[in-house]
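*Asks:* Take this structure, written in structure tokens, and hold onto it; I'll ask about it next.
The values are calculated or read from the model by the stated rules, or taken from the named source; none is laboratory data. Note that the structure is a prediction, hence the values are computed from the model and not measured. Here the Cβ is made from the backbone with ideal geometry for all residues, glycine too, and neighbour counts use every protein chain on show. These accessible areas exclude ligands, DNA and RNA; they are computed on the full protein's heavy atoms, side chains included. Shrake-Rupley method; radii C 1.70, N 1.55, O 1.52, S 1.80 Å.
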Amino acid sequence: MFTQLTPEGRSAIATLVVAGRQAMAVVEQHFRPLSKMALADYPLQRIIFGKWLHQNGTFEELVIARTDVATFEIHCHGGVSAVAAVAESLEDAGVIRRSWQQWELSQTEATAAAEVPYWKRAEMLLPQTTTALATKLVMQHANGEIEKLLFEIHKLKAAGKYTEVSSLVSPYRHASQLGRHLIEPWKVVIAGKPNAGKSSLLNQWVGYDRAIVNQQAGTTRDLLRAQTVVHGWPIEFVDTAGLRQGDDAIEVAGIERAQEELLSADLVIWLHDLTTGLEIPEIQLLTKQAVLVVGNKSDLARENSLWSHPRISAETGEGINSLLDQVLETLVPGFAQQDYKVLFCDQMEETLRQLDS
Ligand SMILES: Nc1nc2c(ncn2[C@@H]2O[C@H](COP(=O)(O)OP(=O)(O)OP(=O)(O)O)[C@@H](O)[C@H]2O)c(=O)[nH]1
Ligand SMILES: [Mg+2]
């Protein structure tokens with residue numbers, strides 16, 4: 001197999017690694033060392049300069065290194081097509097391309113993914129983090145936060161201090177959900193009747209006119225997604241077609257998509273137009289997900305003691321920021337204190353739960 005170890009895209013130098021029983025034969029087929037010495041005669045870890053012969057008869061000067069008996073690193077020009085040409089010669093020789101994550105896994109002593117040490121799994125997530133908070137927390141885990149915790153737990157258990165074990169473990173309950181959402185954004189779906197101001201709210205939150213806003217009910221037909229970061233947490237907002245009984249085929253299709261989207265949301269915001277009365281929203285009938293009911297157009301409707309939900313104006317921005325904090329508090333209880341714990345795999349959550357039983 002082979003993989004590209006350096007990231008996709010242009011760079012000064014790219015590194016590919018080829019490993020396996022046929023690695024030597026494949027590299028020998030394409031690489032001519034300047035010294036004319038046979039590849040097999042080079043000691044391990046030696047840098048070898050030479051020419052890589054491409055399929056089309058052209059060649060590129062590059063360096064390779066035999067890092068292990070059956071492993072070669074190829075350091076070539078980092079241009080996209082230069083890398084593609086080397087990769088093509090490997091693929092044509094029947095070497096299978098793998099992602100760097102698969103490569104990393106294969107490099108750990110354990111072959112089964114389940115046996116990969118926890119810290120290593122955390123380390124492998126680092127390139128996928130997109131916020132400073134996510135990077136910080138992943139780094140703590142890659143540096144052994146959980147291994148230290150396990151050590152501590154075993155010591156306490158041996159001493160019979162079970163209550164102390166519980167207090168160490170309890171902050172990690174449901175924590176793998178949080179870890180997952182530091183990498184994968186939370187999904188917050190904005191739903192409501194046509195003209196409630198859903199698209200206006202999305203635009204307010206992402207800070208630019210992502211969605212078309214219009215007084216005509218039924219403006220949004222398809223799902224519109226926009227990602228942003230709130231206090232370090234990635235969130236994907238989804239604006240949907242207003243839910244009503246429609247007879248326009250495109251609008252009906254949009255409504256169906258909106259309903260499907262509700263099912264996979266982490267949180268649904270049911271936006272209600274306060275100028276259209278205070279009737280009880282029907283949203284609970286449509287989804288089992290967590291729902292936050294919000295009244296919009298507060299600038300047009302007087303306060304009414306019968307309305308116990310938050311009031312905002314997607315036009316003037318009133319209440320928008322505090323609603324965003326409330327959204328995050330629902331998803332990450334205690335987010336502002338920042339002393340919550342996260343985990344980066346379900347299995348570890350289960351291990352900790354068992355240690356505490
Ligand atoms: N005064 C006032 N007008 C608002 C407010 N929010 C939205 N509007 C107006 O209400 C109309 C509908 O807004 P949209 O954001 O398009 O509503 P929507 O829920 O996305 O509508 P559909 O896509 O048709 O389902 C537009 O004319 C907006 O300018 C608000 O808080 N106050
Ligand atoms: Mg809309």
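*Asks:* Quick one: count up the residues across the stretch 148-205 that are assigned to a loop (DSSP other than H, G, I, E, B) and either within 16 Å of ligand 2 (Cβ to nearest atom) or closer than 26 Å to GLN347 by Cβ (or both).
*Replies:* Initially, the stretch 148-205 is screened for residues assigned to a loop (DSSP other than H, G, I, E, B), giving 159-161, 173-174, 184-185, 193-197.
Adding the requirement that they be either within 16 Å of ligand 2 (Cβ to nearest atom) or closer than 26 Å to GLN347 by Cβ (or both) leaves 161, 173-174, 184-185, 193-197.
Looking only at that region, the number is 10.
*Asks:* Further question on the same structure: Please determine, by comparing only the residues of the stretch 206-220 that are among the β-branched types (Val, Ile, Thr) and either open to solvent by 60 Å² or more (accessible area, probe 1.4 Å) or assigned to a loop (DSSP other than H, G, I, E, B) (or both), which one is farthest from ligand 1 (Cβ to nearest atom).
*Replies:* Checked the stretch 206-220; the qualifying residue farthest from ligand 1 (Cβ to nearest atom) is ILE212.
*Asks:* When you look at LEU34, is it free of Cβ contacts under 8 Å to residues at least 40 places away in the same chain, in contact with an Asp or Glu (Cβ under 8 Å, 6 or more places away or on another chain) and not assigned by TED's automatic domain parsing to the domain that holds LEU125, yes or no?
*Replies:* So LEU34 fails the test.
*Asks:* Could you please let me know if GLY242 is surrounded by 20 or more Cβ atoms within 10 Å (Cβ to Cβ), within 16 Å of ligand 1 (Cβ to nearest atom) and part of a loop (DSSP other than H, G, I, E, B)?
*Replies:* On the way: surrounded by 20 or more Cβ atoms within 10 Å (Cβ to Cβ): yes; within 16 Å of ligand 1 (Cβ to nearest atom): yes; part of a loop (DSSP other than H, G, I, E, B): yes.
It is true that GLY242 is surrounded by 20 or more Cβ atoms within 10 Å (Cβ to Cβ), within 16 Å of ligand 1 (Cβ to nearest atom) and part of a loop (DSSP other than H, G, I, E, B).
*Asks:* I need the full set of residues from the stretch 301-320 which are open to solvent by 70 Å² or more (accessible area, probe 1.4 Å) and modelled with pLDDT of 95 or more, in order please.
*Replies:* Once the filter is applied, which keeps residues that are open to solvent by 70 Å² or more (accessible area, probe 1.4 Å) and modelled with pLDDT of 95 or more, the stretch 301-320 yields GLU315, THR316, GLU318.
*Asks:* Still on this structure, I have one more. Being touching a residue at least 24 places away in the same chain (Cβ under 8 Å), surrounded by fewer than 14 Cβ atoms within 10 Å (Cβ to Cβ), out of contact with any His (no Cβ under 6 Å at 6 or more places or on another chain) and not aromatic (Phe, Trp, Tyr): is that true of ARG353 here? Steps first, please.
*Replies:* On the way: touching a residue at least 24 places away in the same chain (Cβ under 8 Å): yes; surrounded by fewer than 14 Cβ atoms within 10 Å (Cβ to Cβ): yes; out of contact with any His (no Cβ under 6 Å at 6 or more places or on another chain): yes; not aromatic (Phe, Trp, Tyr): yes.
Judged against the criteria, ARG353 is a match.
*Asks:* Same structure, new question: Of the residues PRO194, PRO171, PRO185, which is in contact (Cβ under 8 Å) with a residue 40 or more places away in the chain, surrounded by fewer than 21 Cβ atoms within 10 Å (Cβ to Cβ) and within 16 Å of ligand 1 (Cβ to nearest atom)?
*Replies:* Values: PRO171 fails: within 16 Å of ligand 1 (Cβ to nearest atom); PRO185 fails: within 16 Å of ligand 1 (Cβ to nearest atom).
Among PRO194, PRO171, PRO185, only PRO194 is in contact (Cβ under 8 Å) with a residue 40 or more places away in the chain, surrounded by fewer than 21 Cβ atoms within 10 Å (Cβ to Cβ) and within 16 Å of ligand 1 (Cβ to nearest atom).
*Asks:* Say whether the condition of being farther than 21 Å from MET124 by Cβ and under 37 Å from the mean Cα position of the chain (by Cα) is met by at least one residue in the stretch 34-46.
*Replies:* Residues of the stretch 34-46 that are farther than 21 Å from MET124 by Cβ, as a first pass: 34-46.
From what's left, under 37 Å from the mean Cα position of the chain (by Cα): 45.
Checked the stretch 34-46: at least one residue is farther than 21 Å from MET124 by Cβ and under 37 Å from the mean Cα position of the chain (by Cα).
*Asks:* Further, regarding this structure: Only one of these conditions is not met by GLU60: (1) assigned to a loop (DSSP other than H, G, I, E, B); (2) more than 30 Å from HIS231 (Cα to Cα). Which number is it?
*Replies:* (1)
*Asks:* While we're on this one: Can you name every residue in the stretch 331-350 that is out of contact with any Gly (no Cβ under 6 Å at 6 or more places or on another chain) and surrounded by fewer than 17 Cβ atoms within 10 Å (Cβ to Cβ)? Give the steps one after another, and end with the answer.
*Replies:* Our first condition is that a residue be out of contact with any Gly (no Cβ under 6 Å at 6 or more places or on another chain); within the stretch 331-350, this holds for 331-339, 341, 345-350.
Within the stretch 331-350, PRO333, GLY334, ALA336, GLN337, GLN338, ASP339, ASP346, GLN347, GLU350 qualify.
*Asks:* Go through the stretch 226-271 and report how many residues are in contact with a Pro (Cβ under 6 Å, 6 or more places away or on another chain) and closer than 14 Å to VAL291 by Cβ.
*Replies:* Total satisfying the criteria: 1.
*Asks:* When residues of the stretch 252-274 are filtered for being near ligand 1 (Cβ under 9 Å from one of its atoms) and either part of a loop (DSSP other than H, G, I, E, B) or open to solvent by 10 Å² or more (accessible area, probe 1.4 Å) (or both), how many remain?
*Replies:* Residues that pass the stated criteria total 2.
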